[in-house]
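Scroll down for the structure; my scribbles are underneath it.
The values are calculated or read from the model by the stated rules, or taken from the named source; none is laboratory data. A quick note: this is a predicted structure, and the numbers were derived from the prediction, not measured. Here the Cβ is made from the backbone with ideal geometry for all residues, glycine too, and neighbour counts use every protein chain on show.
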Amino acid sequence: MSRFAATTPMPSLPETRAEDEACLGWSGISDKASYYRLFAGYVVAQVATGIATVALTLLAFNLAGDEAGAVIGTALSLKMLAYVLAAPVVSILTAGIRRRRLLIALDLLRAGCLLLLPFVAAVWQIHAIVFVFALASATFTFVYLAVVPYLLGDEADYYRSLARSRVAAELEGPISPLLAGLLMVVLSVAGIFTLTAAGFVLSALLIRAARLPHTPLPPSGGVWRRLTRGPRLFVATPAFRAIIALDVVAALGTAMVMVNTVVIIQGVLDREVGSTATAFAFLGGGSILGALVLPLVLLRIKDRHVMLAGALIVVASLASGALGVGIAGLLVRWTAIGFGVVWTITPAIYVIRRLARPSDLQAMMAAQMTLANVCLLIAFPVAGFLGAWTSMPATFLILAALSGLATLIMIRLWPEDVTPDI
């Protein structure tokens, strides 16, 4: 029997139906063929998105010239807005649609957006298309995360799926720009958009070949009740309240790296651009290493302990930066932060899968991703302003203190005996 069989389910909210009271549980049976088709479609779509993002910068320059930076900045802000505000709404409103049909429709919608981009004649048209594209991408991710638990009924298989998704995300970052650069040699911008649109069609075909289960209908009630159900469940469940604190820890560690790496290396240390790329590579390497060992660790250690260990690694890594900034220490520190962030937030999806009722899975996945993105939206300017107004050692120390406080809050909100398993 699974060590999670006795897990206490989440607190009930008034509109929950009786048949949805039980958590999903572990059947021990996995439809790996359908999962791998779904995962392949997810990866193809991720790579196509990365290539299209690079091509978008060229389109913006062709259309806006020297003002292309403002165009891209606004487009990326709209993308984040779609992930934080719009996508959770769409995800909840489409919860009654069959999952395979919805995923295919989202892929085809993204393909259509890319085919329209070569014909835009105004900046506002780019922004409108980017917003719709980002909205479809975010909704696709929410639905994907909510469907995988139904395909993988074995604990070990599900652990490995989480690690696989994380590794794919880390590898997509450097691979997509490389592929985009190669395509620019032989294709026009319009050609690149056409090719990436074909990638989304391929993703749709892969998903069409998968057998996706019929997920339970969401709890009944008005639109407002359905939209706020995920956040309300987060507030009502101790483990989920603690996950919000862990989102803060991960966001602070990520923000320090993403915002201040170039400042430290090319400003403080006066190194070349190549050293900046190396630092980001070490971050990605730490993330991949953390994801690869995570399934083995989670099979032996409780998720709470793993997430707490990840948070402590992030806190310690940030605190060590207060001792001084050198290139060797920075590379070790960035590797540790990448490792720690993965251990801090990746098991959160597993905790949701373990505690949430089937009808609440999609709402809970959407709520977690939204909260994580909100934490990043706050952490990025905090890390940036601290780096500009104080010294780098002081910035490290302040962010370490904030992440340490968030870790203490997590321990307080999620005591070890809150459920028989947690």
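Determine if segment 325-333 includes at least one residue that is in contact with a helix residue (DSSP H, G or I) (Cβ under 9 Å, 6 or more places away or on another chain), part of a helix (DSSP H, G or I) and more than 19 Å from R271 (Cα to Cα). For segment 325-333, residues in contact with a helix residue (DSSP H, G or I) (Cβ under 9 Å, 6 or more places away or on another chain), part of a helix (DSSP H, G or I) and more than 19 Å from R271 (Cα to Cα): absent. Of the residues F61, F39, which single one is of a type in the set (F, W, Y) and over 23 Å from M369 (Cβ atoms)? Only one candidate passes the filter, namely F61. The set of residues in segment 166-211 being more than 19 Å from L114 (Cα to Cα) and either at pLDDT 90 or above or assigned to a loop (DSSP other than H, G, I, E, B) (or both) consists of L206, I207, R208, A209, A210, R211. Condition check: farther than 16 Å from S287 by Cα, in the same structural domain as V248 (by TED's automatic domain parsing) and surrounded by 24 or more Cβ atoms within 10 Å (Cβ to Cβ). Does A316 satisfy that? Taking the combined requirement at face value, the residue does not satisfy it. Only residues that are under 21 Å from L227 (Cβ atoms) and buried (at least 23 other Cβ atoms within 10 Å of the Cβ) were counted in segment 104-136, giving 4. Condition check for R211 on (1) in the same structural domain as E170 (by TED's automatic domain parsing); (2) crowded, with 18+ Cβ neighbours inside 10 Å: one failure, at (2). Could you give me the residue pairs with C-beta distances under 6 Å whose first residue belongs to segment 160-185 and is on the phi < 0 side of the Ramachandran plot and not assigned by TED's automatic domain parsing to the domain that holds G338, whose second residue is among the polar types (S, T, N, Q) and buried (at least 19 other Cβ atoms within 10 Å of the Cβ) wherever it lies, and which are 6+ apart or on separate chains? If the second residue must be among the polar types (S, T, N, Q) and buried (at least 19 other Cβ atoms within 10 Å of the Cβ), the pairs left are L162/T346; R166/T346; E170/S287; E172/Q46. Screening the candidates F240, F280 for the property of being free of Cβ contacts under 8 Å to residues at least 60 places away in the same chain, under 26 Å from L312 (Cβ atoms) and within 21 Å of the chain's Cα centre (by Cα) yields one hit, F280.
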